[in-house]
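J.: Have a look at the structure that comes next, please.
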Amino acid sequence: MPDVLSPEAVDRVLDAELSRWTRQGDALVRAVDSDTFALGIRLVDAVAVVADELDHHPDIDIRWTTVTFRLSTHSAGGITLRDLDLGRRIDALADQR
């Protein structure tokens, strides 16, 4: 099981490379706004492929053109390197839109 990162370690990564994410308790959260509902769904589809590849799945909330991703390693009880890696991948996919 991956180790839970300290809040300070997570904050350092957020400041350095994942600035569009916030730490909310034991999760990383990012909302992505799309021009259309269909574009938001395409992003969710792309993230689903990556999540299956990594065997690490985000919680996803879809509200019209806003998709919110919440990352936490539930089995470990907090944020781990797996969440940071998935956050980087989601950022790359969101940037490609």
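The values are calculated or read from the model by the stated rules, or taken from the named source; none is laboratory data. Model, not experiment: these values are computed from the prediction. A quick note on method: Cβ atoms are made from the backbone with ideal geometry, for glycine too, and the neighbour counts reach across all protein chains shown. Just so you know, the surface numbers come from the protein's heavy atoms only, side chains and all, with ligands and any DNA or RNA stripped out. Shrake-Rupley method; radii C 1.70, N 1.55, O 1.52, S 1.80 Å.
J.: Which residue is most open to solvent (accessible area, probe 1.4 Å), if the candidates are limited to segment 87-97 and must be closer than 16 Å to Ala38 by Cα and within 13 Å of the chain's Cα centre (by Cα)?
T.: Leu93
J.: Going through Leu71, Leu28, Leu84, Leu43 one at a time, which residue ends up being crowded, with 17+ Cβ neighbours inside 10 Å, over 24 Å from Ala9 (Cβ atoms) and of a type outside the set (D, E, K, R)?
T.: Checking each option against the conditions leaves just Leu43.
J.: May I pose another question? Which condition does Pro2 not pass, out of (1) touching a residue at least 24 places away in the same chain (Cβ under 8 Å); (2) open to solvent by 60 Å² or more (accessible area, probe 1.4 Å), if it passes all the others?
T.: Of the numbered conditions (1) touching a residue at least 24 places away in the same chain (Cβ under 8 Å); (2) open to solvent by 60 Å² or more (accessible area, probe 1.4 Å), the odd one out for Pro2 is (2).
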